[in-house]
Amino acid sequence: MHNSLIVLFTLLFVSFNEIIADEHNHIYEDHEEVVVDEYCSKQSISHYHETLSEALEGVELEFSGYAIDFKDPVPAGTVTCMVELTEEKYKAFVYAVKNHYWFQMYIDGLPIWGAVGKERERKYYIYTHKRFDIGYNGKQIIDVNLTNEHEQLLHVGAKISFTIEINWQPTNTPFKDRFDKYLDPNFFQHRIHWFSIFNSFMMVIFLVGLVSMILVRTLRKDFARYSKDEEMDDMERDLGDEYGWKNIHGDVFRSSSYPILFTSLIGCGYQLVSVVLCVTSFAIMGELYTERGSLLSTAIFVYAATSPINGYFGVLYMLEWVEKFGFDKCFGRNLNGQPDHPCRVNAVPRPIPEKKWYMEPAVITMLGGILPFGSIFIEMYFIFTSFWAYKIYYVYGFMLLVFLILIVVTICVTIGAHIFLLNAEDYRWQWTAFLSGASTSIYVYIYAFYYFFFKTKMYGLFQTVFYFGYMALFSGILGIICGTVGYVGTTFFVRKIYSNVKID
Ligand SMILES: *[C@@H]1O[C@H](CO)[C@@H](O)[C@H](O)[C@H]1NC(C)=O
């Protein structure tokens with residue numbers, strides 16, 4: 001407890017610091033040294049410009065060893081380093097060229113990509129000259145273009161000298177627009193993207209309509225029967241033709257199996273939903289993509305800051321569970337002081353009647369994820385592509401909209417499924433509600449397989465493990481979110497219908 005509090009506050013403090021206090025304000029005086037970071041080049045380190053999120057991503061940025069001073073041109077032919085190709089280095093270079101390795105660097109936070117070399121007629125060449133054209137506006141760097149020149153044939157014993165050249169050009173583009181050229185509106189704001197959101201939106205309207213129609217039809221019929229019931233005497237009622245969901249009023253509020261696991265998942269789900277909502281809203285307002293790693297820093301900050309939400313809802317659900325074990329005198333009221341459940345729980349559980357195979361909880365669980373997945377899978381394509389193809393994702397408005405749609409669809413589907421489940425007199429609804437929402441993540445993971453084989457060119461153990469590991473994490477988080485949403489929606493529904501049932 002103590003330790004986790006310390007960790008929590010450290011996380012809060014570190015990430016908060018990173019968010020408010022940017023280490024570099026992107027303003028340079030003439031001749032001031034410009035921050036240049038490059039992946040994995042082992043040279044002298046002068047600006048170690050690493051943030052918490054980069055450490056977590058496993059990115060090690062190091063100062064590239066290039067001395068670039070603001071507005072000072074560097075003439076062509078300036079040698080940055082000399083390499084003599086030993087057998088070992090030769091193999092490393094050939095491997096890199098053969099596998100189309102790219103390098104990535106950042107000048108003042110602006111990303112630059114370049115190929116290491118190229119293959120022509122089964123011979124391997126490496127680029128030895130890099131020309132940077134840097135555009136500046138006032139005291140700020142706006143634009144960097146990299147041109148690779150001078151191919152040199154790789155062979156053992158070759159002496160390679162890497163050279164650079166830097167030209168400075170004034171430009172009128174304002175600083176705030178400098179990331180625009182990295183965005184890809186033709187991709188992200190493609191017709192298909194708009195169309196899919198419109199489509200999901202129509203699906204929401206349709207589903208809400210459908211579920212409310214089923215609800216009204218089933219419940220109205222039942223309530224009508226029930227009010228007639230009141231005129232019957234007890235004998236008649238015991239023999240009576242009561243059926244369906246009303247029959248199990250003495251069991252629906254029985255606690256779920258594995259209550260501790262269940263409560264932790266729900267508490268965690270509440271927290272994750274708030275993290276997603278906060279981070280996407282911040283991203284919409286703050287254009288977080290312009291500062292490397294700031295999205296992840298924000299996410300960590302929000303995650304740490306919202307952990308009380310997890311505790312609050314975790315305890316709420318835990319109290320409900322404690323009550324089932326007969327402690328209702330002390331705990332059985334929730335924090336609002338309201339009586340807890342609309343119906344008492346019978347001492348002896350009722351047997352669950354046989355039902356058709358498609359009413360089995362396992363089947364409902366699996367089917368429950370299909371529609372929510374259908375409402376998000378095009379967005380998944382865009383998110384996967386921006387993550388794995390290193391495109392900058394910036395349409396967070398879409399993301400927020402799709403997330404809200406996902407929530408509504410999940411709630412509708414789980415409620416719809418539970419009308420049938422409860423009518424089949426199966427009262428084990430808590431896990432079914434959670435899992436039928438959470439099964440969305442199974443479909444997302446299956447989609448991740450499709451994406452891997454048909455949309456990426458990854459191969460080898462490392463990339464495969466990396467890809468599927470991240471995707472499992474992503475699907476897992478999505479699963480907890482959808483599961484919680486499904487459960488909360490169903491709880492609301494179940495309480496609502498059973499609170500209208502007057503039992504003796
Ligand atoms: C970089 O390239 C783009 C597109 O070719 C061009 O519009 C821009 O002016 C170039 N920037 C500099 C600083 O040369």
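Read the figures in this text as sums done on the coordinates, not as results from a lab. Fair warning: this is a prediction, and the values are worked out from it, not measured in the lab. Neighbour counts run over all protein chains shown; Cβ positions are idealised from the backbone, glycine included.
Where the centroid of each part is defined by its Cα atoms, how far is segment 156-210 from segment 116-141 in Å?
21
Compute the distance in nm between two label points, each set 7 Å from the Cα along the Cα-to-Cβ direction, one at Ala92 and one at Ala115.
About 2.2 nm separates the two model spin labels.
Based on alpha-carbon centroids, what's the gap between segment 243-260 and segment 372-397 in Å, whole number please?
39
Using packing as a proxy for protection, rank 181-187, 368-374, 489-495, 164-170 so that the peptide with the highest average count of other Cβ atoms within 10 Å comes first.
So the order, starting with the most tightly packed, is 368-374, 489-495, 164-170, 181-187.
Collect residues whose amide H, placed 1.01 Å from N in the peptide plane, falls under 5 Å from the amide H of Asp251; neighbours closer than 5 in sequence don't count.
So Asp251 has HN proximity to Asn346.
Starting from the 7 Å offset along Cα-to-Cβ, what nm value, one decimal, do you get for the label separation of Lys181 and His100?
Output for this residue pair reads 2.4 nm.
Could you list Ser196, Ser264, Ser257, Ser212 in order of exposure, starting from the residue whose Cβ has the fewest other Cβ atoms within 10 Å?
By the 10 Å Cβ count, ascending, the order reads Ser257, Ser212, Ser264, Ser196.
Taking the Cα centre of segment 134-220 as the origin and placing charges on Cβ (Lys, Arg +1; Asp, Glu -1), which of His190, Gln140, Thr163 is farthest toward the positive end of the dipole?
His190
List the pairs from Lys221/Lys356; Lys71/Lys139; Lys91/Lys455 whose alpha-carbon separation is above 19 Å, in the order I gave them.
Checking Cα-Cα distances, Lys221/Lys356; Lys91/Lys455 exceed 19 Å.
Looking at segment 123-217, send over the antiparallel percent of its DSSP beta bridges, to the nearest 5.
Percent antiparallel among DSSP bridges in segment 123-217 is about 60.
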